[in-house]
Amino acid sequence: MTKYVESLFNGSLLIEFANGTKCMSEVLEGSFKLCNSELSLNVLRYDYGSVIELSVKSSGTNLSRYPVSIGLSINGQIQGLLALTLLNPAAQFMDKAFNYYNYTAQGKAPRSEPPPERPSYPGNVNYIGRWEHDQVSPWAYPMFPRNLNEIPPYTVFLLIKQNNSYRAYLALSSGQLTGFIGPGPRLTTFTGKPSQGVRGWPLVIGIGGDPYEAVENAVKLASIVAPVKHRRVKAKPVFMDGLGWCSWNALSTEDLSHENVVRIVRGLRDRGVPIRWVLIDDGWQELRNGLLSDIKPNSFKFPRGFKALVDELKVLGIDHVGLWFTINMYWRGVAKDFLNSLGVEGYKVGEGYVPCPALMVHLGFMMLGLRCLGGMVLAL
């Protein structure tokens, strides 16, 4: 197979240690020693792109939560850039739009003034460069850098038009590492806690003659090293065989309750709308200071628990009932005492705790939490 042999690295490789010391070197591929550490930087090259593999073992001081950053080589004439960043200040006007239009659509008083018709975009993107200090979002905001140095931090996807071809840079969470691009043409890695060893595949790069082919190839490469699949090889979810209803757009969080869900679903079914599944969206949880504190349903909104709700919806002809989570259990994570009650390991990010990036540990975290629902069966 023809290999994609273009050099991917440029500039410096930086190692950070938990005691605050740093070590910088020229970027090397393969296995080598640096600053009392054993590094392995490998590139799996294919004719349609590359996968970057990174491993670091320190024989002394723990590595920091941001163990390695590497300069990326992006040569040739740049004809266009698209970056998707998690940095919230890039699009703060969107929060205003959500708080205005979402509540107005539900017939409620808006929670903010109308957003500007011509918003300044992107907004002020000041940042520190650490997840626990910066305003990062679960949403990815599009930005169009004018040059490589304007690539924002926390970029999870970068599309480059270059020399009449396209490069799709897709940052991954795999192994013990989470990768992101920026600021500028730089790969930065994050791990949940200081340790003496990390390994993962933080970045893939797909190439193609058009942007769609480049993105498809990036996903194909990601499937080699991460638990993801291209949609063409995925089984069709059962809920796609029927019409569904989600509680969010009708009830948001404040009005979500057993009675309101049943009332709306019954009304739709009585009118001949063939709803077959229901998703209970955000607002069902017990929260404390914005953190998930208990996975049992809010006792005020669902006084008889979820089983009573599911039983009543089944009588109305609903086949499946689903329950909404974020991948971190909740937007800002979970409270420490809830984590301890499950007896699982988590990483502190901001004020809350999130599951480890290792897939099986994460799945164990979720399954232990679901058992707390008291035997309710949720199927989508």
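Summary of the geometry: region 259-316 and region 86-136, compared by the centres of their Cα atoms, lie 28 Å apart.
About the Cα centre, and with charges only on the beta carbon of Lys, Arg (+1) and Asp, Glu (-1), how big is the dipole of region 283-363? Nearest 20 debye, please.
Values: 9 positive and 8 negative charges, 26 e Å.
With only Lys, Arg, Asp and Glu charged at Cβ, the dipole is about 120 debye.
Normalised by the number of residues in the chain, the average gap of Cα pairs under 8 Å and 6 or more apart makes the relative contact order 13 percent.
Would you work out if region 1-132 is rounded, prolate or oblate? Take a ≥ b ≥ c from the square roots of the eigenvalues of the alpha-carbon gyration tensor; rounded if a/c is under 1.5, else prolate when a/b is larger than b/c, oblate otherwise. Verdict is prolate for region 1-132. Taking the chain as a Gaussian network of alpha-carbon nodes connected by springs under 10 Å, the highest mean-square fluctuation of the residues 333, 272, 197 belongs to 272. For residue 161, the lysines whose Cα comes closer than 22 Å to its Cα, not counting residues fewer than 8 places off in the same chain, are 3, 220. Here are labelled values, (1) 18.9; (2) 21.6; (3) 28.2, and one is the computed mean projected area of the Cα convex hull in nm² for what I pasted. Which one? Correct label, based on the coordinates given: (2).
Contour minus end-to-end for residue 44 and residue 324, with contour as 0.36 nm per residue of separation and end-to-end as the Cα-Cα distance? Don't skip to the answer; put the middle values down first.
Numbers: separation 280, 0.36 × 280 = 100.80 nm, distance 3.66 nm.
Extra length available between residue 44 and residue 324 comes to 97.1 nm.
Could you name the aspartates and glutamates whose alpha carbon sits less than 13 Å from that of residue 33, not counting residues in the same chain fewer than 8 places away? Here the aspartates and glutamates satisfying the reach criterion relative to residue 33 do not exist.
Cross-link reach is defined here as a Cα-Cα straight distance under 30 Å, omitting same-chain residues fewer than 8 places apart; for residue 336 the lysines meeting it are 57, 193, 296, 301, 307, 348. Qualifying trypsin sites (Lys or Arg not before Pro) in region 300-338, where qualification requires a DSSP coil assignment and no more than 13 other C-beta atoms within 10 Å, comprise 304. I need the shape label for region 114-232. Rule: rounded when a/c is under 1.5, else prolate if a/b > b/c, else oblate, with a, b, c from the alpha carbon gyration tensor. In terms of gyration-tensor shape, oblate.
Applying both filters, DSSP loop and at most 11 other Cβ atoms within 10 Å, to the trypsin sites (Lys or Arg not before Pro) of region 90-155 gives 146. Between residue 240 and residue 32, the FRET efficiency from the beta-carbon distance, with R0 = 56 Å, is close to 0.70.
Gaussian network model of the chain, Cα springs within a sub-10 Å range: biggest mean-square fluctuation belongs to which of 339, 34, 13? Between 339, 34, 13, it is 34 that shows the largest mean-square fluctuation.
Taking a ≥ b ≥ c as the square roots of the eigenvalues of the Cα gyration tensor of region 40-91, is the shape rounded (a/c under 1.5), prolate (a/b larger than b/c) or oblate? Can you show the working numbers first?
Numbers: a/c = 2.70, a/b = 1.30, b/c = 2.08.
Cα axes put region 40-91 in the oblate bin.
Laboratory data are not the source of any read-out in this text; all were calculated from the coordinates shown. Fair warning: this is a prediction, and the values are worked out from it, not measured in the lab. Glycine gets a Cβ as well: all are built from the backbone with ideal geometry, and neighbour counts include every protein chain shown.
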